[in-house]
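One structure below.
We did not get these values from a lab; they are worked out from the coordinates using the rules stated. Fair warning: this is a prediction, and the values are worked out from it, not measured in the lab. With ideal geometry, Cβ positions are generated from the backbone for all residues, glycine too; neighbour counts draw on all protein chains shown.
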Amino acid sequence: MGKYLVHHSGPLSGEVVISGAKNAVLPLMAAALLSEDKCVIRDVPQLRDVAFMKEILTSLGAEIEEVEENTISIVTEDIVSTEAQFDLVNKMRASILVMGPLLARKGRARMPLPGGCAIGARPIDLHLKGLEALGAEIIFKDTYVEARAGGQGLIGDTIYLDFPSVGATENIMMAAVLAEGVTFIENAAEEPEIVDLANFLNKMGARIKGAGTDTIKIEGVKHLSGAKHTVIPDRIEAGTFMLAAAITRGNVRISNAVPDHLKPIIAKLRECGVRIEVGDEYLIVRGDLGPQSATDIKTLPYPGFPTDIQSPFMAYLTTVEGASTVIETVFENRFMHVSQLRKMGASIETAGNKAIIKGNASLRGTQVMATDLRAGAALVLAGLAAEGVTEISEIYHIERGYEKFIEKFRGLGAVIERIDD
Ligand code: EPZ
């Protein structure tokens with residue numbers, strides 16, 4: 001367990017290079033289970049969640065090698081187990097993403113029911129509804145859930161998702177690629193990470209159309225080969241550093257970004273008065289060119305404003321002129337950072353899924369705690385702007401999802417120390 005000591009810093013300046021996306025690489029790694037051939041994945045961020053996924057895949061029979069820094073190969077000649085171990089699944093909810101590939105390749109998958117987390121119950125009913133629609137029998141036994149394909153394997157069908165769940169869309173897509181016949185996923189998630197997964201699966205020989213829209217068509221094939229793929233840049237990491245530039249009134253170049261994935265964040269920061277230059281694969285964020293004022297945020301599935309940027313954006317809104325509102329519609333309990341920001345002097349009122357943030361807070365350093373990955377990032381941003389030193393505990397939440405997080409901040413002039421307990 002470690003702590004960060006975040007000193008008042010800024011204005012941040014210089015260049016930060018964005019890593020491969022955590023929320024893309026995890027499904028890509030799970031998809032490699034679908035072929036007995038070698039898959040090579042580049043721009044893999046060095047994160048605890050990636051290490052957890054490696055452990056899970058290895059326990060199922062995959063052989064994973066570090067080809068070079070940030071590049072891994074995955075070969076699953078044979079799947080030796082169709083059951084993900086409790087202790088591994090318990091560490092990371094995204095483990096559920098091995099369910100679709102196991103079912104597709106071996107006709108069976110047994111998983112401990114993933115627990116909820118700080119931001120919500122995070123059920124998997126939509127995952128199971130989709131797998132059942134493909135002909136799998138779903139059996140609950142104690143704290144486990146098992147999916148079994150019938151003798152003839154999975155059969156394509158049309159599935160309507162009551163909510164455009166990212167994970168459910170990914171799991172169903174990975175199950176459907178080897179099913180008999182055609183599958184349509186309606187009201188599918190449209191996130192860039194879904195498109196990245198579909199592109200990888202199509203390189204393996206799948207026949208997927210419509211990824212990135214609300215209807216995805218998957219024509220089942222008999223076999224998938226290995227493929228090489230580069231993970232898309234992490235839009236949430238990019239958004240976090242855009243906000244670091246804004247909250248410190250700095251001037252930061254964000255390289256290896258995909259501006260098209262960042263439209264809601266660009267639009268909202270511009271509404272606040274932040275100047276943003278957009279290049280092909282970079283952004284320049286100028287928080288140093290004039291006054292900044294309040295705006296209103298409502299999180300929605302992509303292409304709406306991303307829920308993962310809600311807490312870092314709220315930290316920023318405490319420092320601008322005027323009152324802002326933030327409405328969180330994706331997760332039922334994603335205001336855990338509010339109490340911690342209040343400890344630092346922010347004035348935030350919440351009622352249900354709505355928060356009202358008064359601006360011009362005189363933030364001051366104190367002891368706070370990270371409650372989830374993005375809430376932890378929000379506290380780092382607030383600490384940069386606060387007077388004095390902010391001590392952040394439970395930083396394992398942060399380090400599971402941001403590669404070289406404080407090294408990148410130090411590269412922009414932030415003063416952050418890491419203390420191991
Ligand atoms: C993915 O989680 C991301 N994680 C999350 O990022 C992200 O916040 C989320 O998508 C939304 O964009 C990964 O990709 C590994 P969902 P996921 O299924 O797939 C409800 C981060 O910080 N739901 O789209 O779990 C669910 O409870 C993490 O990087 C059901 O009701 O998100 C939630 O309220 C946090 N039944 C909503 O849908 C289901 O079967 C969105 O969940 C599935 C989901």
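How tilted is helix 48-60 with respect to the longest principal axis of the chain? Cα atoms for both, answer in degrees (0 to 90, nearest 10).
With both axes taken from Cα atoms, the answer is about 10 degrees.
Output the 0 to 90 degree angle, nearest 10, between the alpha-carbon long axis of helix 235-247 and the longest principal axis computed from the alpha carbons of the chain.
Approximately 0 degrees, to the nearest 10.
Quick one: helix 192-203 against the long Cα principal axis of the chain, what's the angle to the nearest 10°, folded into 0 to 90?
Approximately 30 degrees, to the nearest ten.
Calculate one ³J(HN,Hα) per residue across segment 146-159 by plugging θ = phi - 60° into the Karplus curve 6.51 cos²θ - 1.76 cosθ + 1.60, and present them in order as whole Hz with x for glycine and proline.
With the stated coefficients, segment 146-159 comes to 10, 10, 10, 7, x, x, 8, x, 7, 10, x, 7, 9, 10 Hz.
Over segment 13-161, what is the relative contact order in whole percent, taking alpha-carbon pairs under 8 Å and six or more residues apart?
Rounded, it is 18 percent for segment 13-161.
Which whole-number percent of Cα pairs in segment 67-178 have a distance greater than 17 Å?
Counting pairs separated by more than 17 Å, the tail of P(r) holds 55 percent.
Compute the separation of the alpha-carbon centres of segment 272-321 and segment 139-196 and state it in Å as a whole number.
Using only Cα atoms to place each centre, the spacing works out to 34 Å.
Taking R0 as 56 Å, what FRET efficiency do you get between residue 277 and residue 142 from their Cβ-Cβ distance, rounded to the nearest 0.05? Can you show the working numbers first?
On the way: r = 56 Å, r/R0 = 0.99.
After rounding, the FRET efficiency stands at 0.50.
With each label point set 7 Å from Cα along the Cα-Cβ vector, what nm distance links residue 48 and residue 81?
Taking the two extended label points, one gets 2.2 nm.
Please compute P(r) over all alpha-carbon pairs of the chain, binned at 20 Å starting from zero, and give each bin as a whole-number percent.
Answer for the chain: a P(r) of 28, 55, 17, 0 percent.
Packing-wise, with mean Cβ within 10 Å as the measure, how do 30-42, 258-270 rank, highest first?
Ranking the peptides 30-42, 258-270 by packing returns 30-42, 258-270.
Count charges around residue 270 for me, please; just the other residues with Cβ under 13 Å from its Cβ, Lys/Arg as +1, Asp/Glu as -1.
+2
So in segment 112-248, what percent of DSSP beta bridges are antiparallel if you round to the nearest 5?
75 percent
Normalising by the residue count of segment 142-211, find the relative contact order in percent from Cα pairs under 8 Å and 6+ residues apart.
33 percent
In whole angstrom, how far apart do the alpha carbon centroids of segment 208-250 and segment 31-54 sit?
Centre-to-centre (Cα) distance: 15 Å.
Need one number: % antiparallel among DSSP beta bridges in the chain, to the nearest 5.
If we restrict to bridges inside the chain, about 70 percent are antiparallel.
I need the peptides 355-368, 290-303, 11-24 ranked by packing, meaning the mean over residues of other C-beta atoms within 10 angstrom, with the highest value on top. Walk me through the intermediate numbers first.
Values: 355-368: 18.4, 290-303: 16.7, 11-24: 21.4.
Going by the mean number of other Cβ atoms within 10 Å, highest first, we get 11-24, 355-368, 290-303.
Would you mind estimating how fast segment 68-117 diffuses translationally, via Stokes-Einstein at 37 °C and 0.692 mPa s with the Kirkwood radius over Cα pairs, in µm²/s?
Working: Rh = 12.2 Å.
Here the translational diffusion coefficient equals 269 µm²/s.
Can you compute the label reach from residue 415? Point 7 Å from Cα along the Cβ direction, backbone N cut-off under 20 Å, restricted to segment 362-378.
362-368
Which order do the peptides 385-392, 236-243, 142-149 take when ranked by the mean count of other beta-carbon atoms within 10 Å per residue, highest first?
236-243, 385-392, 142-149
Tell me the mean residue ellipticity at 222 nm calculated for the chain from its helices only (DSSP H runs of n ≥ 4, each -39500 (n - 2.57), averaged over every residue, nearest 500).
Value at 222 nm, helices only, nearest 500: -8500 deg cm²/dmol.
Over the chain, what is the mean sequence separation of C-alpha contacts under 8 Å (at least six apart), divided by residue count, expressed as relative contact order in percent?
21 percent
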